[in-house]
Amino acid sequence: MSGTFVGMPAFPRAARQAVGDATLRANLKHATHTIRDKRARAVAELDDWAALREAGKQIKDHTLRHLDTYLVQVEETVTAAGGTVHWATDADEANRIVTRLVRETGESEVVKVKSMATQEIGLNEALEAAGIAAYETDLAELIVQLGHDRPSHILVPAIHRNRGEIRDIFTQEMAAWGRPAPEGLTDTPAELAEAARLHLREKFLRAKVGISGANFMVAETGTLVVVESEGNGRMCLTLPETLISVVGIEKIVPTWRDLEVFLQTLPRSSTAERMNPYTSMWTGTTDTDGPQTFHLVLIDNGRTDTLADEVGRQALRCIRCSACLNVCPVYERAGGHAYGSVYPGPIGAILSPQLRGTTSEIDASLPYASSLCGACYEVCPVAIDIPEVLVHLRERVVQGGPATRQGNRVVLKPAKGHAAERAAMRAAGWAFVHPAALRAGQRAAARTRRYHPRTLPGPGKAWTATRDLPQVPAESFRDWWQRTHGTKENGK
């Protein structure tokens, strides 16, 4: 990835500051509870939801196992349909390609469809450095851009803003970006949406270059798919003369039949709708209809390294629905900015450390940004076992060990600050393979339990500040079993 948000601290410090923001917490609680309640009702309508979920998992796993084959097929079908395919190893290469393609058109501004991939690589900043203005057209992304802010949610990037804050942003910032906000703008949703529509309309009609991502790529036909709720994507995908789509290599589905599964699960899991209001599909170029030049930029940017991890690769199944964010108690209280990445919440806690590595303080802290309650796994429409990957990445942070970085097998060093944890785990491991020592330790703990403190000293003090230290039982399970069943066992 292009890097963490500049100046961001590790998750524990960022979250501590966010939790103290009462307005942020109120905005997040209202929004996430509303979305997840609507999602639950939408999912309950389908008797075969569990089967669809399993089908999505199987399709994604099959595609990832044969990704090399399907990537070649995508290149062939997109090229045959009149498009041009470009390959980008990392963010810098992807940005160079897109910047060059825009410059070749002679244009100095582009309109953009909401895209996590372009945020991941920092495309807007790269275009700005090259003198090219990139205008976000999704309403929430527009709010974030006008507010000189960062996205805090996968589906609703401005979820941390309330209507009053949005009105103030429009009033103060719109004029510097184009058409100003109407006089006397209020914070009613209809007026805010109309102000955004008027502001964006002139950009849609003027722009010659559009930039998008894609929710899916169909390998058998070279078709790209974008689903959205506002219609801005449809404008960006049809009006410009040149369309550039920046897509992660994991977005492939093999066939149209496979796509049908995700067009049922994605809208219900994301916007709680039976179908997205706008589902746009395009295959290459067509004379006199839509963009006459189409470029597909396929980005790796750490995905191949993630694919090499047998446990962590399941994160690449993600279809960016954001359901895991809306049920996560940690995200609800800390917000998306605390994750220091364009991918916040539970999926960000497992995806960012794999795409970027765990060498930075932020990325080493992300696998710990979870209570491991499992709610994220329960709602994931492609059954990503996020808690399993979190524990796997915690082990990598604490113990180090073999991993794949930039296509090379390397041995990672343990992260700093985990020496006590490593020592405790090694001691526990030793005890578990020496039954006599384990039994002696259990009996000693039971006999001295009246002297055990209720809170832990040192670093453990923070843990017991909000939790009761579990009491040691009077006897261990091993001793209880021997006392109550020992005679029978000996008689067998």
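Assorted remarks:
- Close pairs (7 angstrom Cβ cut-off, 6 or more residues apart or separate chains): closer than 16 Å to Ala424 by Cα in segment 386-399, in a helix (DSSP H, G or I) anywhere: Arg394/Pro367; Arg394/Tyr368; Val397/Ala364; Val397/Pro367; Val398/Glu421; Val398/Arg422; Gln399/Arg422
- Scanning segment 38-54 for residues being part of a helix (DSSP H, G or I) and surrounded by 12 or more Cβ atoms within 10 Å (Cβ to Cβ) gives a total of 9.
- Residues of segment 25-57 that are within 20 Å of the chain's Cα centre (by Cα) and within 20 Å of Ala315 (Cα to Cα): Arg53, Gly56, Lys57.
- If you go through segment 266-300 and keep only what is of a type in the set (S, T, N, Q) and either over 14 Å from Pro381 (Cβ atoms) or surrounded by fewer than 23 Cβ atoms within 10 Å (Cβ to Cβ) (or both), you end up with Thr271, Asn276, Thr279, Ser280, Thr283, Thr285, Thr286, Thr288, Gln292, Thr293.
- In summary, strands (runs of 3 or more DSSP E) completely within segment 235-301 and bearing 2 or more residues that are in contact (Cβ under 8 Å) with a residue 60 or more places away in the chain and over 16 Å from Arg320 (Cα atoms) occur at 242-248, 293-299.
- Across segment 181-188, not a single residue is classified as touching a Cys at 6+ places or on another chain (Cβ under 8 Å) and crowded, with 17+ Cβ neighbours inside 10 Å.
- Residue match in segment 213-226 (condition: more than 30 Å from the chain's Cα centre (by Cα) and either part of a helix (DSSP H, G or I) or charged (D, E, K, R) (or both)): no
- Every residue from segment 1-23 that is at pLDDT 90 or above and buried (at least 17 other Cβ atoms within 10 Å of the Cβ): Phe11, Ala14, Ala15, Ala18
Residues checked against (1) of a type in the set (A, V, I, L, M, F, W, C); (2) part of a loop (DSSP other than H, G, I, E, B); (3) open to solvent by 10 Å² or more (accessible area, probe 1.4 Å):
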residue	(1), (2), (3)
Leu325	yes, no, no
Tyr331	no, no, no
Tyr343	no, yes, no
Ala349	yes, no, no
Ser365	no, no, yes
Ser371	no, yes, yes
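The values are calculated or read from the model by the stated rules, or taken from the named source; none is laboratory data. Model, not experiment: these values are computed from the prediction. For neighbour counting, all protein chains shown are included, and Cβ atoms are generated from backbone atoms with ideal geometry for every residue, glycine included. Areas reflect the complete protein model, heavy atoms only, side chains present, ligands, DNA and RNA absent. Shrake-Rupley method; radii C 1.70, N 1.55, O 1.52, S 1.80 Å.
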